[in-house]
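The values are calculated or read from the model by the stated rules, or taken from the named source; none is laboratory data. The structure displayed is predicted, hence computed values, not measured ones. Every residue, glycine as well, gets a Cβ built from its backbone with ideal geometry; the counts of neighbours run over all protein chains shown. When the accessible area is computed, the model is the full protein with side chains, heavy atoms only, and any ligands, DNA or RNA have been set aside. Shrake-Rupley method; radii C 1.70, N 1.55, O 1.52, S 1.80 Å.
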Amino acid sequence: MQRNFLLIAAGLTAFFMFVACQTDQQSTTEFRLWYKQPATEWTEALPVGNGRLGAMVFGKVDSERIQLNEESLWAGQPINNNNPGAKEHLTEIQQLLLKGQIARAVELGEKYLLGTPPRIRSYQTLGDLFIETDIPGEVSNYRRDLDLRTGICSVAFAAGDVNYRREVFASAPDNVIVVRFAADQPESINLKIWLGRAQDAETIANGSNMLFMRGQIIDEPDPLRGPGGAHMRFEAHVLALNDGGQVSTQDNHLVVQNVDALTLLLTAATDYNVYRLSFDKAKNPSTICTDILAPLDLRSYQKLKADHIADHAALFDRVKIYLGESPLTELPTDERLYKVKEGMNDPAFAALYFQYGRYLLMNSSRAPGVLPANLQGIWNDFFEAPWNSDFHTNINLQMNYWPADVGNLPETIEPLTNFFLRLMEPGARTAHEMYGASGWNMHHLTDPFGRTGLMDGIQWGTSPLAGAWMTLTFWRHYEFSQDLAYLEKAYPLLKGSAEFALDFLIQDKNGHLVTAPSTSPENTYIHPSDGKKYQMTTAATIDIQILTELFNNCIEAAERLKDDPTFVEEMRDALDRLPPVRIGANGTIQEWIEDYKEAEPGHRHVSHLFGLHPGTQITPDTPELFDAARKTIERRLSFGGGHTGWSRAWIVNFYARLLDGQAAHRHLHLLFAKSTLNNLFDTHPPFQIDGNFGGTAGIAEMLLQSFNREIHLLPALPSAWPDGAVRGLKARGNFEVDMEWQKGELISAKIRSLSGGACRIRYKDRVVEEMTEPGQVVLF
């Protein structure tokens, strides 16, 4: 090893004391959202969640609303929507595309490829917990906040000579939402509490201290969404535990009189079974709720809170980050965001945003939950949400999990992996029934019932490699964790996707293997033969880049698991026959198989740069493509690209991969300025959580990259963060990384090898290589 690049351990002691001081101080003082007033609309409320249950806390004094979610509460039902004419007409459609007869191919595609029915139904709100309070006197000293480290949302205020405090959190260990009311004077709490839902449910009182809300989603028949009927059953229970005073029920409300303190325990359940991707008559939502609450009847609030904090902080505290001091730290979050939008540099705000992204992911995708984070994570107040709050797989669901591994939250991958292992079964039907192929595939969206046919429209849904794109998440998790048991579990997803791709590819006139039909997600080109706009094509560039990643990843996985060498050779042969990624006449990466004119050159999707990020094919080692990638982004931006939250977040990641910290930071600031709501939710508009997760991943990419078997320290550090420190970021190879930098230069770094193996570290033009043992620490 190049010892001149190493610092002795004694010299590092001061560094890690500094890192601990800076990051620990910020975790207690800065990783908090706070406001001087209640929320007046849903996108100002503050989120809590435990992966299965979610709540949005408004913090109103006299008429509080806490909006509720249960992750599996969806309208709809299982439907095989594979078009029965697809396989019979596939070859004809493919040949039309190869001959350039796009209009006829689209016409047949609309008739024989589009799903029957072509749309899904929506994720739905569970309802609301309403609390009316009897507060005498004028309210003062109001404060509403969310402590990211503890996962507790608090509301505090004074009225008369009494100080009131409420706390709300979603406990994963106890599988409940906890609401606490307290005051510093006895007998000061008087409340009326009820559950409400605008449709498909009723609330009843049970005994003197419980409310039940039970219902069943009634879907109206819809030719675009499927048959109607009585579908998912659900229930919510609220248990009130009082210190002093009295709790009673009246007209299906809880009436709380003269208590010293009150704890509400809320849980909910449905009859959804993820292993069936369907309803399960054997699951009784009422029994599930009762079984969850029964052990908690005598549990103290202090014990509930302590267990929750211990569990939550164990995940959150794995990563500490300090990006510099800020003059705006003492401002409420909405006022601080306003200053940032006006142009003030606030490095501590970027650190807050990073940790908020981790907070949102760990609270929307973890046990006791069983489903992935959807377009809104787990938080949704609609019966028909924008884009149904679905699992969108032409970038959005993938982006949700970009920060999972680097952000040291491996638990968040488990619901996603387990869900997709179940999705393979309907995906295999789609592969066979639509494409006559083995393996499995899906298109650009799905729901908890496992819809995998072509959805919404030919122009939106023709993405037969969406499942292949999803496999990058599973392979990346193995790269970060080096967990061979996980790879064995996830390998069928990779192999099945590769098997589908091998059967789906056809040969074009140049002898290349191409995908057909294909699109560059949601984007449009102008065909020179008729001057018309189309989406459908053969071998859009993103398809070739996805297949390159898929086959390379699957080859490595197969070799590690000693799978069939014949299968490996088939993938190697296919790789050699894929079309190359081309540079167009304008110097940008070519988006389609031909150098077509773009109908919308400022489009939000930049799919032909998949190979730059999240793929790993366009790097400084491919200088022509690397330069063309930069020109591609510049051209997109010059025509107004990056105008949605998630698209802007993707651009942050692009520039980080281009090693351009200044540009990455500029677009991170634009993400804050143009696409961030007062509660720091990302807005498309409207709210979509993928931009939060993409922005969080972009900050990590600016500080640490680890693809292509190299740990690159501070690859895109902007001048706006001259001094900083980070602890606990993960790198591929199962390494944990701590760093400190001052005046824009790396001072020192500590890399913990958790699995052993080769460790290659880069900082600027300096490289260190070492073969490590498990538990070894490399000091750079």
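The number of residues in the range 595-605 that are under 25 Å from the mean Cα position of the chain (by Cα) and either open to solvent by 10 Å² or more (accessible area, probe 1.4 Å) or free of Cβ contacts under 8 Å to residues at least 24 places away in the same chain (or both) comes to 1.
Could you tell me whether any residue of the range 147-160 is open to solvent by 60 Å² or more (accessible area, probe 1.4 Å), assigned to a strand (DSSP E or B) and among the polar types (S, T, N, Q)? No, because not a single residue in the range 147-160 is open to solvent by 60 Å² or more (accessible area, probe 1.4 Å), assigned to a strand (DSSP E or B) and among the polar types (S, T, N, Q).
A single entry from R635, R657, R630 fulfils the requirement of being surrounded by fewer than 23 Cβ atoms within 10 Å (Cβ to Cβ) and in contact with a Leu (Cβ under 6 Å, 6 or more places away or on another chain): R630.
Yes or no, residue by residue, for (1) within 34 Å of the chain's Cα centre (by Cα); (2) buried (at least 20 other Cβ atoms within 10 Å of the Cβ):
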| position | (1), (2) |
| --- | --- |
| Q124 | yes, yes |
| D134 | no, no |
| R166 | yes, yes |
| V178 | yes, yes |
| S188 | no, yes |
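Scanning the range 686-694 turns up one or more residues that are closer than 30 Å to Y35 by Cβ, surrounded by fewer than 23 Cβ atoms within 10 Å (Cβ to Cβ) and not acidic (D, E).
If you filter the range 480-539 down to residues that are among the β-branched types (V, I, T) and in a loop (DSSP other than H, G, I, E, B), you find that the one that is surrounded by the most Cβ atoms within 10 Å (Cβ to Cβ) is T515. Identify the residue in the range 59-98 that is among the β-branched types (V, I, T) and in contact with a Phe, Trp or Tyr (Cβ under 8 Å, 6 or more places away or on another chain) and, among all such residues, is farthest from G226 (Cα to Cα). Checked the range 59-98; the qualifying residue farthest from G226 (Cα to Cα) is V61. Whether any residue in the range 618-640 is modelled with pLDDT of 95 or more, of a type in the set (A, V, I, L, M, F, W, C) and assigned to a loop (DSSP other than H, G, I, E, B) is what I want to check. Looking through the range 618-640, at least one residue is modelled with pLDDT of 95 or more, of a type in the set (A, V, I, L, M, F, W, C) and assigned to a loop (DSSP other than H, G, I, E, B). In the set W741, W721, only one residue is out of contact with any Lys or Arg (no Cβ under 8 Å at 6 or more places or on another chain), aromatic (F, W, Y), farther than 20 Å from S481 by Cβ and touching a residue at least 60 places away in the same chain (Cβ under 8 Å); that residue is W721. Here's a check for you: in the range 190-222, which residue that is over 25 Å from R299 (Cβ atoms), of a type in the set (G, A, S) and part of a strand (DSSP E or B) is most open to solvent (accessible area, probe 1.4 Å)? This residue is A201. Of the residues that make up the range 110-128, is at least one in contact (Cβ under 8 Å) with a residue 60 or more places away in the chain, assigned to a loop (DSSP other than H, G, I, E, B) and within 17 Å of S188 (Cα to Cα)? Scanning the range 110-128 turns up no residue that is in contact (Cβ under 8 Å) with a residue 60 or more places away in the chain, assigned to a loop (DSSP other than H, G, I, E, B) and within 17 Å of S188 (Cα to Cα). Say whether the condition of being of a type in the set (F, W, Y), on the phi < 0 side of the Ramachandran plot and surrounded by fewer than 22 Cβ atoms within 10 Å (Cβ to Cβ) is met by at least one residue in the range 41-50. Within the range 41-50, one or more residues are of a type in the set (F, W, Y), on the phi < 0 side of the Ramachandran plot and surrounded by fewer than 22 Cβ atoms within 10 Å (Cβ to Cβ). Only one of the listed residues (E92, E187) is assigned to a helix (DSSP H, G or I) and not aromatic (F, W, Y). That residue is E92. Among the residues of the range 244-288, those that are assigned to a strand (DSSP E or B), without any contact (Cβ under 8 Å) to a residue 60 or more places away in the chain, exposed (fewer than 15 other Cβ atoms within 10 Å of the Cβ) and in contact with a strand residue (DSSP E or B) (Cβ under 7 Å, 6 or more places away or on another chain) comprise Q246, S248.
Within the range 416-430, one or more residues are open to solvent by 10 Å² or more (accessible area, probe 1.4 Å), at pLDDT 95 or above and either assigned to a loop (DSSP other than H, G, I, E, B) or among the basic types (K, R) (or both). Residues in the range 674-685 that are open to solvent by less than 10 Å² (accessible area, probe 1.4 Å) and either of a type in the set (S, T, Y) or outside any loop (DSSP other than H, G, I, E, B) (or both) were compared, and the one that is farthest from G357 (Cα to Cα) is S675. Kindly indicate whether any position in the range 572-581 is open to solvent by less than 10 Å² (accessible area, probe 1.4 Å), more than 31 Å from the chain's Cα centre (by Cα), touching a residue at least 40 places away in the same chain (Cβ under 8 Å) and farther than 21 Å from N396 by Cα. Yes, that holds for at least one residue. Taking the listed residues Y142, Y123, the one that is more than 18 Å from M56 (Cβ to Cβ) and of a type outside the set (A, V, I, L, M, F, W, C) is Y142, with no other qualifying.
The number of residues in the range 747-762 that are part of a strand (DSSP E or B) and touching a Pro at 6+ places or on another chain (Cβ under 9 Å) comes to 3.
If you take the residues of the range 223-243 that are in contact with a Phe, Trp or Tyr (Cβ under 8 Å, 6 or more places away or on another chain) and under 30 Å from R451 (Cα atoms), which of them is surrounded by the most Cβ atoms within 10 Å (Cβ to Cβ)? Ranking the candidates gives A236 first. Cβ separations smaller than 7 Å between residues 6+ apart or across chains give the following pairs from the range 308-337 residues that are under 30 Å from P38 (Cβ atoms) to residues that are aromatic (F, W, Y) and open to solvent by 30 Å² or more (accessible area, probe 1.4 Å): P332/W34; T333/W34.
Summed over the range 745-773, the residues that are closer than 24 Å to P620 by Cα and either exposed (fewer than 15 other Cβ atoms within 10 Å of the Cβ) or within 24 Å of the chain's Cα centre (by Cα) (or both) give a count of 7. Per the listing Y338, Y353, the residue uniquely over 30 Å from A183 (Cα atoms) and either in a loop (DSSP other than H, G, I, E, B) or more than 23 Å from the chain's Cα centre (by Cα) (or both) is Y338. Residues in the range 329-343 that are open to solvent by 50 Å² or more (accessible area, probe 1.4 Å) and either touching a strand residue (DSSP E or B) at 6+ places or on another chain (Cβ under 6 Å) or hydroxyl-bearing (S, T, Y) (or both): Y338 alone.
I'd like to check something: does the range 363-384 contain any residue that is assigned to a helix (DSSP H, G or I) and within 30 Å of A198 (Cβ to Cβ)? Checking the range 363-384: not a single residue is assigned to a helix (DSSP H, G or I) and within 30 Å of A198 (Cβ to Cβ). So, R318, is that one under 28 Å from the mean Cα position of the chain (by Cα), part of a loop (DSSP other than H, G, I, E, B) and closer than 30 Å to L714 by Cβ or not? Yes: the conditions hold for R318.
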